[in-house]
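*Asks:* Quick one: this structure, given as structure tokens, is what I'll be asking you about.
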Amino acid sequence: MSVAPRTPPAKRDWSWRSQAFRGLLYQIIAVVIIGGVAWWLATNTAENMRVRGIKSGFDFLTQPAGFDIGESLSKFDSNDPYWKAFLIGVSNTLRVAILGIILTTILGTLIGVGRFSRNGLVRGLCQAYVELFRNVPVLLQLLMWYLLFTEFLPDVTEAKRIGDIYLSKGGITFPKPIWETGHLFGVAGLLAGCVVAWFYRRWARSKFEATGQVRSMFWVPVAIVFALGVLGWLVGGAPSQFAVPAKGEFAVEGGGALTPEFMAVLLGLTLYTAAFVAEVVRSGISSVARGQSEAAQALGLSKGQEMQQVLLPQALRVIIPPMTNQFLNLTKNSSLAVAIGYPDVVSISNTALNQTGRAVECIALIMLVYLTTSLLTSFFMNWYNAKSAIKER
Amino acid sequence: MAETIIFQSLPARPAPVNTEGLVPWVKNNLFANWQSTLTTLIVGGLLLFYIPQFINWAVLTATTVPNADACRAEGVGACWGVITEKYRLIIFGRYPFEEQWRPLVATILMVALLVMSCTRMFWKKWLVAVWIVVLAAFFILMYGGMFGLTEVQTDRWGGLPLTIMLATLSIVLCFPIAICVALGRRSNLPAIRTFCTIYVELIRGVPLISVLFMASFMFPLFMPAGVTIDVLIRVLVGVTLFAAAYMAEVIRGGLQAMPKGQAEAAASLGLSYWQTQFKIILPQALAMVVPGIMNNFIGLFKDTSLVYIVSLYELTGSLGLALNSDADWRPYKLEGYLFIVAIYFAFCFAMSRYSLWIEKQVNKSKLR
Amino acid sequence: MFKTGTKIVLSSLVAAGALASIPAHAGKTLDAIKARGQVVCGVNTGLAGFSQADSAGNWTGLDADVCKAIAAATLGDANKIKWVPLNAQQRFAALQSGEIDVLSRNTTFSLTRDASLGLHITTPTYYDGQGFMVTTKSKIKDAKQLKGQTVCVQSGTTTEKNLTDFSKANGLNIKPVVFEKVEAATGAYFSGRCVAYTTDASGLASVRNKEAKNPDEHVILPQLISKEPLGPMVRRGDDEWFAIVKWVVYGLLEAEEYGVTQANVDQMKSSTDPVVQRLLGTTEDTGKLLGLDKEWMARAIKASGNYGEIFERNVGPKSALKLPRGANNLWNKGGLMYAYPIR
């Protein structure tokens, strides 16, 4: 007698209770609810706009703006169209953001490193700085800086003079080099310097990997860039004409100027974000295991090499993602400039919103500007995050 | 003949260098080498120069008389009179003057509740009930309209109670949303994952004030005609949704750090998805990201100051309300700012200290 | 399935909304107001003489009084108002979205605002023009001396554009410093950040007399650079409510023209003048045509006084603002205020 081979029960590849089906069901429910809500909001808006005869659309962007902008990097005339006004706003936002990011990185790194100082006073000061600045809302800090600039500096007519620099409620006025074609050579020199420095670094790295000889990877490139820049400037005839400000009847005229609005935004954002950057740097450095630094010393690496070759590369892995976040925060916080009259993109959009009444469009534009910046950074961060994450099966 | 060994005492070794106490600390930390000494001298000199000046301004020559003329007198430093004169307007905003005991009691209740929730002793089931009771009491006290309290519309609410209410409610409300979104972003279901990702990236990509702009004056356009929602609630929803996106990312960080084996072990024990998440994954993941969560709370508390831009008179706004239109006191705005800086600082600093403590509590298991 | 389901939900919602809010005769807004028992009035966050709240939350000022008159006419009680203080950016969105019923916030009437915002301008309650305020110390006597100067201005106003036009027309290259909030703009001016502050002349008077430490330290330059008719605005799509707001303002003007005041409104009910009789609803029921009762104007006058009284009380020569009646006088006294007949 033979037992018939038992066949496994027929595999049911589908069931009402299967996980796959439930998953599908949940998703359909989610899509229906979210889609329904979105559709409902959209029809409401469209209906409201239709009933009240609110004009909509982005066609207003090509209309002349009709208002002036207090400070702008490029010339803006009130007859220019709205889209140009928006661009000026974006450029003002980026100006504050980029300068702020540079300054806050420097200041924050100094303070973060300062918390490891051997000097107790420096350590204490750095900690006090961090605690004080990160525990007070940034809006309040901006308002306070602006108050200090406008309330306690001398009037424009009694501007304080330090050399050729004037300080007053109108801001800082300083001598500005007059742009000549000679400067173009200087810029070209700088660019050439960057290229040469890049090749130098590549060469130095390959040499290091082949022979173990260590060459400076930082100071020499900096010197190359600087030297070529100066060389270009000399070739261009060393133009050194300055527009020197002078006191006029009601104001300091001529030269370059930084308005108190700009300075308050820049200072407030920098000081606030620096406290966070300092914490990021501190935790980054302290995350590197102690043994690493001991091992580097045992190998006979100098203090500088230890920092450059061993500690920093490991600390940076921890530092960069939160640092990028801080830079993003700084950029987004620059929207608070609207509270103190700096014409950033939010301020310009608000003006446009009021002149045209296109509320939805203008707010959408604000969001688009910030979203683009943020998403670009976010993509980079996710890529980096995936790269640096600890690999699992 | 045996040699006699004569006992010779060795010279006493020098006492070990003292590493405890004030003098060695000073030596090690302030004058360890010439760089350190130089730094100490420069920094110490600056501190010695500026701190007395500041104390002189803020304390010694300051006046607390609520009289603007006294502040304008020669040689008077800080004019704290502006606080003694205006503190009720600054702290309670436009809330009716005779009724201001109500926000006072409500705020005290709320702060007590928060302190209680932060204390281990009270981490019991009934704390939820206490929360519900206190929140109800808060709104009854603030809004009135029952128990013989006169009704006070939300547009009169302001100052510290508003700040605390916005912060507390948005913290509490954003947490469950954040957990769902964080789980959703790691879900296997593509549609849900996509929605959660879009939500998080969209919100994190824009500044809070644009969300507040939408909430405060565009949102009604999205509603059918005739439906109006109180601006306070709209702003609260805006802040909550904003905070939830950030919180979701922090929680997702914790989820990501969980070893896969935990979920697999739970699955092999036959736990369902939700059981796995709530009994195994989330408790560990949340414990891992406590500092991040607390940082978010602190950030949220500070961010409530932004509602000033959409004309709600929380602490920052009520200061402007109190001082901007009063010519006598406007010059002493700096003192006013310092006053609310102190309030914000007290709250945020307390939270950050608490965050350190709770971090230690959570990590106790790892320190065995 | 999704579509039909949502459609059913939506159409039932729409139906419910329609049932609840569109009765046969009067407008939706008026019914909504009656249902909630409050007129929601958008006002300035604080402009002395026009709309300003005291510490007890009572609003006073010309714009506020117009709201009180409207509330008295529609609901019979001038206190049944929910005040929504708005800054310049928020005001139109708040009105468009239905958050407020009427915007009475020293708002300039202009073509763009009338034609593209989904709003209706009603009728001016104050004829104004834009001016400049400078410090006495600056010794500026003429707006054309502002060449290359900084001028503080509030964003989202017609003022901002007028300033640009003026600067351009005269080649002055004025640098505007634009603030979101009026307090921030005046604060910056008082701190000395700007050489001048510009807004409607009435606003300047308000700021100078109520907010300056010493009004004598500031002068308002004589020339006005624009026409600024200020008045209440309403949302489009509800003609009945538009008519009510407009005719309440006309009623206040008519009351002044015919000598009906807050004090004598009850005696005047027995007046034999047919115009007064119609105004106060003793003979013809003028209110009925607007969807109101016949006492509507009598209550409005009793609540706020006639236009002349409102003006005198809030901004007139005897008030803190000390503004002359000027263009805001009645048409028969050399001004521009001309009410359409209530009949």
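The values are calculated or read from the model by the stated rules, or taken from the named source; none is laboratory data. It should be emphasised that the depicted structure is a prediction, and the values quoted were computed from it without experimental measurement. Here Cβ is always computed from backbone atoms with ideal geometry, including for glycine, and neighbour counts include all displayed protein chains.
*Asks:* What's the number of the condition B:Ile171 fails, among (1) closer than 30 Å to B:Trp274 by Cα; (2) more than 14 Å from chain A (Cβ to nearest Cβ); (3) out of contact with any Phe, Trp or Tyr (no Cβ under 6 Å at 6 or more places or on another chain)?
*Replies:* (3)
*Asks:* Applying the selection to region B:27-46, what residues are surrounded by fewer than 13 Cβ atoms within 10 Å (Cβ to Cβ) and not small (Gly, Ala, Ser)?
*Replies:* B:Asn33, B:Trp34, B:Gln35, B:Leu38, B:Ile42, B:Leu46
*Asks:* Regarding region B:279-296, can at least one residue be identified that is assigned to a loop (DSSP other than H, G, I, E, B) and under 30 Å from B:Ala248 (Cα atoms)?
*Replies:* Taking every residue of region B:279-296 in turn, at least one turns out to be assigned to a loop (DSSP other than H, G, I, E, B) and under 30 Å from B:Ala248 (Cα atoms).
*Asks:* Between residues in region A:164-175 that are within 14 Å of chain C (Cβ to nearest Cβ) and surrounded by 22 or more Cβ atoms within 10 Å (Cβ to Cβ) and residues that are of a type in the set (Gly, Ala, Ser) and assigned to a loop (DSSP other than H, G, I, E, B), which pairs lie under 7 Å by C-beta distance while being six or more apart or on different chains?
*Replies:* Note: pairs meeting the criteria are A:Ser168/A:Ala159; A:Lys169/C:Gly192; A:Gly170/A:Ala251; A:Thr173/A:Gly255.
*Asks:* Follow-up. Can you pull out every residue in region B:15-40 that is at pLDDT 85 or above and over 36 Å from the mean Cα position of the chain (by Cα)?
*Replies:* Matches in region B:15-40: B:Thr37, B:Leu38.
*Asks:* Looking at (1) in contact with a helix residue (DSSP H, G or I) (Cβ under 6 Å, 6 or more places away or on another chain); (2) hydroxyl-bearing (Ser, Thr, Tyr); (3) at pLDDT 85 or above, which is the only condition A:Thr372 fails?
*Replies:* (1)
*Asks:* Considering region C:320-341 alone, what residues qualify as being in contact with a helix residue (DSSP H, G or I) (Cβ under 8 Å, 6 or more places away or on another chain), closer than 17 Å to C:Thr261 by Cβ and in a loop (DSSP other than H, G, I, E, B)?
*Replies:* C:Arg325, C:Ala339, listed by residue number.
*Asks:* Any chance region C:167-190 includes a residue that's under 26 Å from C:Ala320 (Cα atoms) and more than 14 Å from chain A (Cβ to nearest Cβ)?
*Replies:* Scanning region C:167-190 turns up no residue that is under 26 Å from C:Ala320 (Cα atoms) and more than 14 Å from chain A (Cβ to nearest Cβ).
*Asks:* Further question: In this structure, does C:Asn87 turn out to be more than 8 Å from every other protein chain (Cβ to nearest Cβ) and over 21 Å from C:Arg236 (Cβ atoms)?
*Replies:* Answer is no for this residue.
*Asks:* Take the conditions assigned to a loop (DSSP other than H, G, I, E, B), more than 14 Å from chain A (Cβ to nearest Cβ) and out of contact with any strand residue (DSSP E or B) (no Cβ under 9 Å at 6 or more places or on another chain) and apply them to B:Pro16. Does it pass?
*Replies:* Yes, satisfied.
*Asks:* Take the residues of region A:44-93 that are among the hydrophobic types (A, V, I, L, M, F, W, C) and outside any helix (DSSP H, G or I): which is farthest from C:Thr164 (Cα to Cα)?
*Replies:* This residue is A:Ile54.
*Asks:* Name, by its number, the condition in (1) closer than 30 Å to C:Ile70 by Cα; (2) at pLDDT 90 or above; (3) surrounded by 24 or more Cβ atoms within 10 Å (Cβ to Cβ) that does not hold for C:Tyr127.
*Replies:* The single condition C:Tyr127 does not satisfy is (3).
*Asks:* Please pick out the residue among A:Leu125, A:Leu41 that is closer than 30 Å to B:Leu221 by Cβ, surrounded by fewer than 21 Cβ atoms within 10 Å (Cβ to Cβ) and within 13 Å of chain B (Cβ to nearest Cβ).
*Replies:* A:Leu41
*Asks:* Which numbered condition trips up B:Leu312, out of (1) assigned to a helix (DSSP H, G or I); (2) within 22 Å of B:Ile343 (Cα to Cα)?
*Replies:* Of (1) assigned to a helix (DSSP H, G or I); (2) within 22 Å of B:Ile343 (Cα to Cα), only one is false for B:Leu312: (1).
*Asks:* Taking interchain pairs and intrachain pairs at least six residues apart, which have beta carbon atoms under 6 angstrom, with the first residue in region B:322-351 and more than 24 Å from B:Phe54 (Cβ to Cβ) and the second surrounded by fewer than 20 Cβ atoms within 10 Å (Cβ to Cβ)?
*Replies:* Taking only residues 6 or more apart or on different chains, the pairs are B:Ala327/C:Ala212; B:Ala327/C:Lys213; B:Asp328/B:Ala68.
*Asks:* Continuing with this model, one more query. Taking only region C:57-69 into account, find how many residues are under 22 Å from B:Asp230 (Cβ atoms) and either modelled with pLDDT of 95 or more or not in a strand (DSSP E or B) (or both).
*Replies:* The number of residues fulfilling the criteria is 4.
*Asks:* Also, I was wondering about something else. Filter the helices (runs of 4 or more DSSP H) completely within region B:182-266 down to those with at least 1 residues that are out of contact with any Lys or Arg (no Cβ under 7 Å at 6 or more places or on another chain), over 18 Å from A:Ala364 (Cβ atoms) and in contact (Cβ under 8 Å) with a residue 24 or more places away in the chain.
*Replies:* Because the criterion is at least 1 residues that are out of contact with any Lys or Arg (no Cβ under 7 Å at 6 or more places or on another chain), over 18 Å from A:Ala364 (Cβ atoms) and in contact (Cβ under 8 Å) with a residue 24 or more places away in the chain, the helices (runs of 4 or more DSSP H) in region B:182-266 that meet it are B:231-257.
*Asks:* Kindly provide the set of residues from region C:163-179 that are over 14 Å from C:Leu221 (Cβ atoms) and of a type in the set (S, T, N, Q), ordered by number.
*Replies:* C:Thr164, C:Ser167, C:Asn173
*Asks:* Among (1) assigned to a loop (DSSP other than H, G, I, E, B); (2) out of contact with any strand residue (DSSP E or B) (no Cβ under 7 Å at 6 or more places or on another chain), there is one condition B:Thr39 misses while meeting the rest; what is its number?
*Replies:* Of the numbered conditions (1) assigned to a loop (DSSP other than H, G, I, E, B); (2) out of contact with any strand residue (DSSP E or B) (no Cβ under 7 Å at 6 or more places or on another chain), the odd one out for B:Thr39 is (1).
*Asks:* Still on this structure, I have one more. Tally the residues that are within 19 Å of the chain's Cα centre (by Cα), crowded, with 20+ Cβ neighbours inside 10 Å and at the interface with chain A (Cβ under 9 Å from one of its Cβ atoms), restricting the search to region B:316-340.
*Replies:* 3
*Asks:* Given the residues A:Leu147, A:Leu142, which is the only one that is under 30 Å from C:Gly187 (Cα atoms), within 14 Å of chain B (Cβ to nearest Cβ), assigned to a helix (DSSP H, G or I) and in contact (Cβ under 8 Å) with a residue 60 or more places away in the chain?
*Replies:* A:Leu142
*Asks:* Taking region C:90-133 as the region of interest, how many residues are among the small types (Gly, Ala, Ser) and within 7 Å of another protein chain (Cβ to nearest Cβ)?
*Replies:* 6
*Asks:* With (1) within 14 Å of chain B (Cβ to nearest Cβ); (2) over 21 Å from C:Gln52 (Cα atoms); (3) touching a strand residue (DSSP E or B) at 6+ places or on another chain (Cβ under 6 Å) as the list, and C:Ile225 as the residue in question, which single condition is left unmet?
*Replies:* Status for C:Ile225: all satisfied but (1).
*Asks:* Another one. If I filter region B:53-71 for residues that are within 12 Å of chain A (Cβ to nearest Cβ) and in a helix (DSSP H, G or I), do I get at least one hit?
*Replies:* Within region B:53-71, not a single residue is within 12 Å of chain A (Cβ to nearest Cβ) and in a helix (DSSP H, G or I).
*Asks:* What residue, of B:Pro207, B:Pro161, B:Pro176, B:Pro220, is within 14 Å of another protein chain (Cβ to nearest Cβ), modelled with pLDDT of 85 or more and either touching a Ser or Thr at 6+ places or on another chain (Cβ under 9 Å) or surrounded by fewer than 23 Cβ atoms within 10 Å (Cβ to Cβ) (or both)?
*Replies:* From the options B:Pro207, B:Pro161, B:Pro176, B:Pro220, the qualifying one is B:Pro207.
*Asks:* A follow-up question, please. If I filter region A:163-180 for residues that are β-branched (Val, Ile, Thr) and part of a helix (DSSP H, G or I), do I get at least one hit?
*Replies:* no
*Asks:* Still on this model: What number of residues within region C:247-287 satisfy the criterion of being over 21 Å from C:Trp331 (Cα atoms) and β-branched (Val, Ile, Thr)?
*Replies:* The number of residues fulfilling the criteria is 5.
*Asks:* Something else about it: Of the numbered conditions (1) surrounded by fewer than 22 Cβ atoms within 10 Å (Cβ to Cβ); (2) more than 14 Å from chain B (Cβ to nearest Cβ); (3) out of contact with any Pro (no Cβ under 8 Å at 6 or more places or on another chain), A:Val156 fails exactly one; give the number of that condition.
*Replies:* (1)
*Asks:* Examine region A:225-243 for a residue that is in a loop (DSSP other than H, G, I, E, B), in contact (Cβ under 8 Å) with a residue 60 or more places away in the chain and among the small types (Gly, Ala, Ser), and state whether such a residue exists.
*Replies:* Yes, some residue in region A:225-243 is in a loop (DSSP other than H, G, I, E, B), in contact (Cβ under 8 Å) with a residue 60 or more places away in the chain and among the small types (Gly, Ala, Ser).
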